[in-house]
Amino acid sequence: MDVPFLDLKPQYASVKQQVLSAVNQVLDSQVCIGGPKVEQLEKAIADYCGCKYAVGASSGTDAILNTLMSLKIGSGDEVITTPFTFFASAGCIVRAGARPVFVDIDPATYNIDPAKIPKTLSKKTKAILPVHLFGQMAHMEPILALAQEAKLAVIEDAAQSIGATYKGQRAGSMGSCGCFSFYPTKNLGAAGDAGMIVTNDEQLAHTLRLMRNHGDESTYEHRLVGGNFRLDALQAAVLLAKLGHLDKWSSQRQKNAAYYDGAFAACEQITRPIVAKENVCVYNHYVIRVPRRDELAKYLRQNGVGYMIYYPVALHMQECFRQLGYKQGDFPQAETAAKEVLALPIYPELTAEQKDLVIERVLEAVAG
Ligand SMILES: Cc1ncc(COP(=O)(O)O)c(C=O)c1O
């Protein structure tokens, strides 16, 4: 038996009729851009996150880009973020014309270390962009306090963390806004690309709506230069059909994580995911750390267990960011994590046999 890193088919089979009927409604109506499904999903996601407004986006990336553009963050501005994240978090800052200023991570949670933010603040800083990595929120209170004092926006990259909480508050609901991705591998996945921005700021929600449609209020009078950042009605239909199952799926991920945690507890070479006491983690990924990670990866590859490395190269070391002037050694925690982390299969539909096989193979590998 092989265990894939992710298999989306069993989950799709469990919701197929709901998804097909929702998709058919859109096709029958031929309202394929905007329309009731997009509006219903926006309302449902706003409610789910405990926010007043939600604005659909064409992807998680476009949710972040639209946010930066709507906040008028661009040339000459700096945005503080983590170097240990998916490329889009920092790529969007550069695309908006601003400069990402990286801050090292807390090695326990892999999220930005708020204690290291103050010395990177400058007159050019316009926002802090914490990323809630792997399903766990960043330490938001000190981040929000710093932002309030320096009058900065806080843009939560919650792409991997829909439903996660920090002191009882949902991901996306604590900062100026929160950006979600519904990429198919996320806890709530579309049948393609899709995203969402949630906020309690009415003015920001209005600007985001304008900007996602080329700054046009459907009158062909363009008040702002935006883009095509619209959420597709077919994707909204798929997501609406799945949203009611999200908590059940996330709780199954938590159960899987607890099972792995128990099995790896006695193994000294394995550092299990550490969830801060304020947090409820939704485990978009279950990431362990081992000193000889590449040997573990090779063994799993040879023995039919899927895995992923999130992320093998910290962002300050990416070739396309060379002009930012960072060098090896600038962010030691992120650099060490990049060498030691490995994500194991965690999807909700894993069978007991599959989980046991993953555990067996991992323990065999680290025992050498
Ligand atoms: C942390 C993070 N930010 C942003 C994104 C971008 O989302 P998308 O792939 O939907 O554009 C992703 C998704 O892959 C992500 O994991």
* **Checklist (1) buried (at least 17 other Cβ atoms within 10 Å of the Cβ); (2) touching a Lys or Arg at 6+ places or on another chain (Cβ under 8 Å) applied to Val101, failing item** => (2)
* Options Met137, Met196: the member that is within 15 Å of the ligand (Cβ to nearest atom), in contact (Cβ under 8 Å) with a residue 40 or more places away in the chain and part of a strand (DSSP E or B) -> Met196
* To do: Scan the range 86-111 for residues that are within 14 Å of the ligand (Cβ to nearest atom), of a type in the set (Phe, Trp, Tyr) and part of a strand (DSSP E or B) and report the count.
  => 0
* Asked: Considering the range 309-330 alone, what residues qualify as being in contact with a Lys or Arg (Cβ under 9 Å, 6 or more places away or on another chain), of a type in the set (A, V, I, L, M, F, W, C) and either touching a residue at least 40 places away in the same chain (Cβ under 8 Å) or not in a loop (DSSP other than H, G, I, E, B) (or both)?
  -> Met317, Leu324
* Asked: In the list Lys16, Lys37, Lys52, Lys43, which residue meets the criterion of being open to solvent by 10 Å² or more (accessible area, probe 1.4 Å), in contact with a Ser or Thr (Cβ under 8 Å, 6 or more places away or on another chain) and of a type in the set (Lys, Arg)?
  -> Lys52
* **Candidate set: the range 140-162, residues that are part of a helix (DSSP H, G or I) and in contact with a helix residue (DSSP H, G or I) (Cβ under 7 Å, 6 or more places away or on another chain); chosen: the one nearest to the ligand (Cβ to nearest atom)** => Ile143
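A quick yes/no check of all residues on (1) outside the structural domain of Lys116 (by TED's automatic domain parsing); (2) open to solvent by less than 30 Å² (accessible area, probe 1.4 Å); (3) more than 25 Å from the chain's Cα centre (by Cα):
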| site | (1), (2), (3) |
| --- | --- |
| Leu300 | yes, yes, yes |
| Asn303 | yes, no, yes |
| Ala314 | yes, yes, no |
| Gln318 | yes, no, no |
| Glu335 | yes, yes, no |
| Ala338 | yes, yes, no |
| Leu344 | yes, yes, no |
| Pro348 | yes, yes, no |
* **Verdict on Ser181 being over 20 Å from Lys52 (Cβ atoms) and open to solvent by 60 Å² or more (accessible area, probe 1.4 Å)** => no
* Report, by residue number, each residue of the range 164-183 that is in contact (Cβ under 8 Å) with a residue 12 or more places away in the chain, away from the ligand (no atom under 15 Å from the Cβ) and not in a strand (DSSP E or B). => Lys167, Ser173, Met174, Ser176
* Asked: If you check Ser70 against the conditions, is it crowded, with 24+ Cβ neighbours inside 10 Å and more than 16 Å from the ligand (Cβ to nearest atom)?
  -> yes
* Does the range 119-132 contain at least one residue that is open to solvent by 30 Å² or more (accessible area, probe 1.4 Å) and either under 18 Å from the mean Cα position of the chain (by Cα) or within 14 Å of the ligand (Cβ to nearest atom) (or both)? -> no
* Checking Pro83 against (1) within 16 Å of the ligand (Cβ to nearest atom); (2) in a helix (DSSP H, G or I), which test does it fail? -> (2)
* Identify, by number, the condition in (1) surrounded by fewer than 20 Cβ atoms within 10 Å (Cβ to Cβ); (2) more than 20 Å from Ala88 (Cα to Cα); (3) within 17 Å of the chain's Cα centre (by Cα) that Met308 doesn't meet. => (2)
* To do: Would you mind stating whether Ile64 is in contact (Cβ under 8 Å) with a residue 40 or more places away in the chain, in a strand (DSSP E or B) and within 16 Å of the ligand (Cβ to nearest atom)?
  => no
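The values are calculated or read from the model by the stated rules, or taken from the named source; none is laboratory data. Since the model is a prediction, treat every value here as computed from it, not as a measurement. Reconstructed Cβ throughout: ideal geometry from the backbone, glycine too, with neighbour counts over all protein chains shown. These area figures cover heavy atoms from the full protein model, side chains too; ligands, DNA and RNA do not enter into them. Shrake-Rupley method; radii C 1.70, N 1.55, O 1.52, S 1.80 Å.
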